[in-house]
Each structure stands twice: as C-alpha cells, then as structure tokens.
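Read the figures in this text as sums done on the coordinates, not as results from a lab. Here the structure is a predicted model, which means the values were calculated and not measured. Please note: Cβ atoms are built from the backbone with ideal geometry, for glycine as well, and neighbour counts cover all protein chains shown.
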C-alpha cells in the first residue's frame, strides 16, 4: 500500500506544472544596475544607469544566473553573498477592453458611438499604450452596424515597440441616412430634391468620410440607383467641371501659337478627361481636354478644322 502511494505521489510530481519564480518587471529596452539593486541591495553601490543586459521580448524572460551576477558584482566592485538567480520580464496580461474602447473612441472622434468588443486577441499583451488607428478598421458590413468588423491595433511599449493586437467589434452611432427619393440615372447630376434624409443608426465613419446632402447634390451615380437605395460614396462620381451645354473657355496651342475661343460643350467631363465641344462660329466639332471649371485645352499640330 505504501509503495502504491509513493508511486502515485511520484507520478503526480512528474506531470505537475513547474512553479516558476515570479520575475521582476522591466520598463524599457535595457536592464540597468539599479534594476539589479531593486532585487539585490548589494548592487546599490553600482552606478545606477550602468547597462547590465537587454530586456527580453514580451512573453520571454531574461534570467541572470548566480555565476553571471557574481561576475557583475566583481565588475562593479561590490560584495555579493547570495547565489540566487534573478529574472526579468515585461508585465503582461489580457488586452484591457476598457482601454481598447477608449483608444477606438479617440480615433473615431464621434460623439455617441456605441462600441462593443465581441472577440479579442487571446495572447497576453505587454503593458503599454493601446492604439487602434482608423487604418486598421475593416470595411463595414452591408448588412448593417450589427455585424462585427475586424479592427487591428497595437500596444506600444518600451522604446516605441509595437505588439500587434486585434478585436472584432460592433460599431454604431446616430447618423443621417441619405437615400434616393426617386430612381437616379447613371451620369445624371443629382439634385437636392432627389435626396431623402432620415435619422438612423449607422456604422460610425469618421466625420471627414461622412456624406452630407450638400456633398451629394451635384454628384452623379456611376450606375443607376433605385428609389429608396442608400447613397454611398462608392456609388457616386464627383460633379463635372463642365456639363453638356456649358460655355467652355478653350485654349488652342499649336507650337508657339495660342488661340483662345469660347465653345459649347457637347459632352460633360471632369479635369483630365476629354470632351466634345463645338465652335459656334464655324460650327465645327472637336475634342478638348478639361483643365478646370469651364476650361479646356487643345494641343494641336494645326488649328485647322477648329
């Protein structure tokens, strides 16, 4: 019976996890003599800022064994009586969700945004400043703000080192939802009367990315938009610098020769695009490149035909 008990105790000890001694925390990239002195008072006479080693990476330990400590004691001319080991590590723990949400609010800069973390990095993270930049925020789901999105961030620790973290969050904020009040045709300029605004809850895009009624009016759909559909930036094109029927200030360049005339636009376009214009005096049609609001350029080998 005694032999069986001893066997069980030995088996348990074999598989029991080793209880590692707790390590002292580090606060920077270097371990200094003052850090040793905080653990072993015998090192107090040593120069406090003297370098004794590099700090370990998060999740690792830097252990000073007794032989190394005695060598350091000899270097600093101090007497060391103990033969113990000392280890150092970055303080770490689960991602602080409250601080993570505070970092997200700082990036969003939207009052009243509701943020809920559904899932987060499971790894232990070092103590440091939490950042969730907008560049790490995933694309909102077309199903609505109830769908979680991935947001990547960092914990900044030590001398500006970064430890990558991630969360899946739901984001929602009061907003003005803009929809088409009627069917909108592709390429046709949108008028204010064709836009319907209503209070809603939306994915909280940064203020500079939020569309306003004034912004949409004057833009045109890339494809036809059905009545009641939400108006989103990716569905719209900026307003033309020149619209069909507009007068156009045309400059014609031919070598050192410059000719200026006022023509009538037959098609619309934005800066950099080519449009068709007509010279009202000659009734000739020609192509010109839009250079700005109401202005276009013809760089021709010869002004003939204009």
Worksheet item: Which ordering of 159, 35 is given by a fewest-first count of other beta-carbon atoms within 10 Å?
Response: 159, 35
Worksheet item: Based on DSSP H runs of at least 4 residues, each adding -39500 (n - 2.57), what is the mean residue ellipticity at 222 nm of the chain after dividing by all its residues, to the nearest 500 deg cm²/dmol?
Response: -4500 deg cm²/dmol
Worksheet item: Given a Förster radius of 25 Å and the C-beta distance between residue 127 and residue 48 as r, what FRET efficiency does 1/(1 + (r/R0)^6) yield to the nearest 0.05?
Response: 0.65
Fill in: Whether region 174-237 is rounded, prolate or oblate, judged on the alpha carbon gyration tensor where a/c under 1.5 counts as rounded
prolate
Worksheet item: If the convex hull of the alpha-carbon atoms of region 93-173 is projected onto planes in all directions, what is the mean projected area in square nanometres?
Response: 5.1 nm²
Worksheet, complete the sentence: In degrees rounded to 10, the 0-90 angle between helix 2-15 Cα long axis and the longest Cα principal axis of the chain is 40 degrees
Worksheet item: In the chain, what % of DSSP beta bridges are antiparallel (nearest 5)?
Response: 90 percent
Worksheet item: If the chain between residue 162 and residue 230 were fully stretched, how many nm would it gain, using 0.36 nm times the residue separation less the Cα-Cα distance?
Response: 20.6 nm
Response to the item:
Where a ≥ b ≥ c are root eigenvalues of the Cα gyration tensor, a/c under 1.5 meaning rounded, otherwise prolate if a/b exceeds b/c and oblate otherwise, region 124-275 counts as oblate
